[in-house]
Amino acid sequence: MNTDRQSHITEQELLNRFYADRNKEWLGILLQRYTLLLLGVCMKYLKNEEAARDAVQQIFLKAITELEKYRVDYFKSWLYMIAKNHCLMQFRDKNKVPVELNEQVLIQEADDVLQSIREKDQLLDWMHDSLKSLSPEQQQCVTLFYLEKKSYQQIAEETGYSLLQVKSFIQNGKRNLKLLILRRQQQNDKIK
């Protein structure tokens with residue numbers, strides 16, 4: 001197939017033709033249209049022309065394999081995501097430094113996890129205490145919205161407040177809650 005003669009065919013039509021007859025030449029035409037885009041994406045992430053060209057070839061192969069398995073509706077964005085993920089994986093694999101697992105590393109990781117749990121527990125305690133400091137309307141609306149996952153409409157029906165009041169109580173309550181928690185954190189930091 002002469003790709004110049006196929007240039008008027010949309011990407012969706014090329015995909016439809018491939019899905020209809022499984023002729024990979026339709027994919028070849030389609031992928032050829034995105035060679036420069038993919039090369040640009042790969043250069044952005046890999047910063048090396050040879051590595052970028054290799055990556056484009058690998059992305060083409062992956063795209064063909066994936067397109068044979070399932071239908072894609074938004075080809076350009078789908079292909080872009082495959083390229084981005086491929087480059088990020090290469091980048092991650094290249095920069096991965098093997099770490100020898102030993103008792104000291106495991107103890108440190110366990111300590112970090114415990115510290116994180118303690119910090120989250122502390123934050124939850126502060127949130128619970130600070131919630132009590134809000135006005136009754138803010139406290140009620142914030143609790144219904146964030147903890148009980150109710151919509152503005154459901155809260156309005158349950159409380160008798162207007163939608164505008166509910167929105168205001170939630171926004172102001174959230175802001176006040178954040179300020180109260182920040183104050184608690186600052187007080188705690190001064191004690192340490």
Item to check | Farthest positive-ward along the stretch 3-71 dipole, Cα basis, beta-carbon charges - from 65, 52, 34 | outcome: 65
Next on the checklist: Distance cut-off 19 Å, Cα to Cα: go down the list 24/69; 120/167; 120/178; 120/149 and report the pairs above it.
Outcome noted: 120/167; 120/149
Item to check | Degrees, to the nearest 10: 103-131 long Cα axis against longest axis of the chain | outcome: 50 degrees
Item to check | Burial ranking of peptide ranges 65-73, 136-144, 81-89, 46-54 (average Cβ count within 10 Å, highest at the top) | outcome: 136-144, 81-89, 46-54, 65-73
Item to check | Partner lysines for residue 44 [C-alpha distance under 18 Å; skip if fewer than 8 residues away on the same chain] | outcome: 76, 84, 94
Next on the checklist: From the C-alpha coordinates alone, can you work out the Kirkwood hydrodynamic radius of the chain, in Å?
Outcome noted: 22.5 Å
Item to check | Cα-based helix-to-principal-axis angle, 75-95 vs the chain, degrees rounded to 10 | outcome: 80 degrees
Item to check | Mean separation of Cα contacts under 8 Å (6+ apart) over length of the chain, as relative contact order % | outcome: 14 percent
Checklist entry - Once you charge only the Cβ atoms, +1 for Lys and Arg and -1 for Asp and Glu, what is the size of the charge dipole of the chain about its Cα centre, to the nearest 20 debye? => result 560 debye
Checklist entry - Once the Cα atoms of helix 35-46 and of the chain are each reduced to a long axis, what angle between those two axes, in degrees from 0 to 90 to the nearest 10, is obtained? => result 50 degrees
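FYI, it's all coordinate maths here, none of it is from the lab. Since we're looking at a predicted model, the values are computed, not measured. Every residue, glycine as well, gets a Cβ built from its backbone with ideal geometry; the counts of neighbours run over all protein chains shown.
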